[in-house]
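Working notes for the structure below.
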Amino acid sequence: MRRAIHAEWTKLRTLPSTGWLLAGTVLAIVAASLVGILSTDTRHCPTPAECFEDTVKLSLGGIRLGQIVVVVLAVLAVSGEYATGTMRQTLIAGPRRLTVLAAKAVVVAAAVAGAGTLGVLGSLVAGRLILPGNGFTEADGYPPPSLADGPTLRAAGGSVGYLVLVALLALGAALVIRDTAGTITAVFVLLFVAPIAGLVVTDPEWRELLDRFTPMTAGLSVQSTVGLDSLPIGPLGGLGVLAAYSAAALVAGSALFAVRDQ
């Protein structure tokens, strides 16, 4: 297994796109979070205390954009080998296909976790520095985001976990579809179309079902630190929904990977 992981890491890090995509993940998360932080203040509220803003979730808003880059990275880790024909050499060097798949998943997950951690930390620092100037002061009930706070730590760690699960979902989908454009499109539809559909569904019961069982909406509930009783699904339960999607994609992908020709 160690040799397989080393081989997969060597392949991933030597791809010209990998460094750019990992850097793009960090930049996308921090930049999008900054936009949300800078555009939100207390002027539209009767009083600052009555804004009821979840400043931690606001600070981590860039995860929605960062996941787009993560999907591309994870898909290319598989589909790129099929496109160039190097998957044949990979399987000659390591004929145990499930070991190859496990190593690929470990390497992609580790790379995404590293980039995601940097993006999350940068976003929390931005929120801590900027939000008090926008009226979200500790005196009005908005303590600056800190990893020493349990809910903030859970939201930060959960955001990194969310990105890793999205990467594994994309990895499994790439094994099923094996086409770069087709896989990216399919994953984006799964992540983004269902939440958009929820905006046009008027029935509250159906909207709640969509919020509870679509991967992005459910998974990002892990970022919430206030008003948890009003959420359609709890933070860890929502992350579990995304984990189920990722597991299903990996199981389907591994089953097909084991029986298909290169």
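Overview of results
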quantity: Pick from segment 19-55, criterion surrounded by 13 or more Cβ atoms within 10 Å (Cβ to Cβ) and over 24 Å from LEU65 (Cβ atoms), ranking: nearest to the chain's Cα centre (by Cα); calculated: THR42
quantity: Failed criterion for THR225 (all others in (1) in contact (Cβ under 8 Å) with a residue 40 or more places away in the chain; (2) in a helix (DSSP H, G or I) hold); calculated: (2)
quantity: Set LEU242, LEU190: member being farther than 23 Å from ALA110 by Cα, part of a helix (DSSP H, G or I), in contact with a helix residue (DSSP H, G or I) (Cβ under 9 Å, 6 or more places away or on another chain) and at pLDDT 90 or above; calculated: LEU190
quantity: Meets criteria (surrounded by fewer than 17 Cβ atoms within 10 Å (Cβ to Cβ) and not in a helix (DSSP H, G or I)) for THR202; calculated: yes
quantity: Which numbered condition GLU138 fails, given (1) more than 20 Å from the chain's Cα centre (by Cα); (2) at pLDDT below 90; (3) surrounded by 15 or more Cβ atoms within 10 Å (Cβ to Cβ); calculated: (3)
quantity: Test result for VAL176, surrounded by fewer than 24 Cβ atoms within 10 Å (Cβ to Cβ), within 19 Å of GLY62 (Cα to Cα), in contact with a helix residue (DSSP H, G or I) (Cβ under 9 Å, 6 or more places away or on another chain) and not polar (S, T, N, Q); calculated: no
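The values are calculated or read from the model by the stated rules, or taken from the named source; none is laboratory data. What you see is a predicted model, and the numbers here were worked out from it, not measured in a lab. Positions of Cβ are backbone-derived with ideal geometry, glycine not excepted, and every protein chain shown enters the neighbour counts.
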